[in-house]
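A quick write-up on the structure given underneath.
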Amino acid sequence: MTYRSGSSWLLIVLSLPTQSATARMRIWRALKSLGCAALRDGAYLLPASSEHQSSLQELADECVRETGSAWVMSVVPATAADADSYEPLFDRSEDYAALVKGWKESASDLSSLGAAELTRLQRKLRRDYDALRAIDFFPGDASAEAQAAWTDFSKRLDRVLSPDEPQDTEGQIPRLDASEYQGRLWATRRKLWVDRAASAWLIHRFIDPEARFQWLAKPSDCPRKALGFDFDGATFTHVGERVTFETLLASFGLDEDPALIRMGAMVHALDVGGEPVPEASGFEAMLAGARERLPDDDALLAEISSVLDSLYTHFQRAKNKGSAK
């Protein structure tokens, strides 16, 4: 939540017995995670909101259970000078600078990490960034600069995870007849990642059950007779805001299947970002581990296909349950 200048405020004043070291540390960490500003030892300030009121009251109740004391109060600045002095207490510039420095240091090591390590790193750094943004109540230039730095770092990480990732193209997606695409050779870049793996599964499961696949060292190796997918210049690739999986859905009239649409949203979120899908992080972690463990893309596709089959069934069941209510 972003707060405007002149926000009202909440103050918690608390005290714990000196022997309660564990409780003191636990409550201090909770205050820090909420983004409280310390006015002095035992007195902490937050912009007022119902969520903050509830969180501070929970901490106050915990202090009392630990035989301490605590009060949560609404605060009105006595003077304009006091009001002007509150917002700077929540300046996150140094915190953003530390994050950006860490991203720059991590960027130099990306090429030495495996897919599973890269995925774990991306997830950890994303959590740290989101946690800071959640307590940046008065975002300014530092926030905007960090957003630009994070976008740049994420693109670098994605390029390592998935080199030769296709760029978006504009244009209409013609509707195709799947019967004319049977028993074909399909080609994409090797070392399958989210969009390529899911697209290959979609092709084999719903478009061309007799499909044969060729994994390319580089897009220029694609045979003329092959149907390329998920690289620049391929027959099927990113179009507008659609990733390749979604382009294939639209091309072959599969975009009326709610379960496939949900899977497309998952692939989209993992490939280029977007509205999160709960199952996405688990699928990404599984794919990263499988890519580290399995010897080639044929074996990887076989394993990923079983997972995607299960996800498809799960999404179908979820849709049916929703329709039955």
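Worth a mention:
- Selection of helices (runs of 4 or more DSSP H) fully inside the stretch 33-109 by the criterion of at least 1 residues being under 14 Å from Leu11 (Cα atoms) returns 50-65, 80-86.
- Any chance Glu284 is open to solvent by 60 Å² or more (accessible area, probe 1.4 Å) and either of a type in the set (Phe, Trp, Tyr) or not in a loop (DSSP other than H, G, I, E, B) (or both): no
- Given (1) in a loop (DSSP other than H, G, I, E, B); (2) basic (Lys, Arg); (3) buried (at least 17 other Cβ atoms within 10 Å of the Cβ), index of the condition Arg262 fails: (1)
- If you go through the stretch 44-66 and keep only what is surrounded by 18 or more Cβ atoms within 10 Å (Cβ to Cβ) and polar (S, T, N, Q), you end up with just Ser55.
- Meets criteria (buried (at least 19 other Cβ atoms within 10 Å of the Cβ), over 23 Å from Arg190 (Cβ atoms), of a type in the set (Phe, Trp, Tyr) and out of contact with any strand residue (DSSP E or B) (no Cβ under 9 Å at 6 or more places or on another chain)) for Phe252: yes
- Being at pLDDT below 90 and open to solvent by 80 Å² or more (accessible area, probe 1.4 Å) is true of Asp41.
- Filter result (within 37 Å of the chain's Cα centre (by Cα), acidic (Asp, Glu) and either surrounded by 15 or more Cβ atoms within 10 Å (Cβ to Cβ) or farther than 26 Å from Arg133 by Cβ (or both)) within the stretch 67-103: Glu87, Asp95
- Taken over the stretch 121-140, the residue count meeting the criterion of being among the charged types (D, E, K, R), assigned to a helix (DSSP H, G or I) and in contact (Cβ under 8 Å) with a residue 12 or more places away in the chain is 2.
- Filtered residue count, the stretch 295-308, keeping only those that are under 18 Å from Thr188 (Cα atoms) and open to solvent by less than 40 Å² (accessible area, probe 1.4 Å): 6
- Test for Ser85: is it within 18 Å of Leu34 (Cα to Cα) and of a type outside the set (Lys, Arg): no
- From Phe315, Phe245, Phe229, Phe236, residue being in contact with a Gly (Cβ under 7 Å, 6 or more places away or on another chain), surrounded by 19 or more Cβ atoms within 10 Å (Cβ to Cβ), in contact (Cβ under 8 Å) with a residue 24 or more places away in the chain and aromatic (Phe, Trp, Tyr): Phe245
- Among residues of the stretch 240-259, those that are over 19 Å from Asp177 (Cα atoms) and either more than 19 Å from the chain's Cα centre (by Cα) or in a strand (DSSP E or B) (or both), counted: 4
- Residue satisfying all of: in the stretch 265-281; among the acidic types (Asp, Glu) and assigned to a loop (DSSP other than H, G, I, E, B); surrounded by the fewest Cβ atoms within 10 Å (Cβ to Cβ) among these: Glu275
The values are calculated or read from the model by the stated rules, or taken from the named source; none is laboratory data. Note that the coordinates shown come from a computational prediction; the quantities given were computed from them, not determined experimentally. A quick note on method: Cβ atoms are made from the backbone with ideal geometry, for glycine too, and the neighbour counts reach across all protein chains shown. Just so you know, the surface numbers come from the protein's heavy atoms only, side chains and all, with ligands and any DNA or RNA stripped out. Shrake-Rupley method; radii C 1.70, N 1.55, O 1.52, S 1.80 Å.
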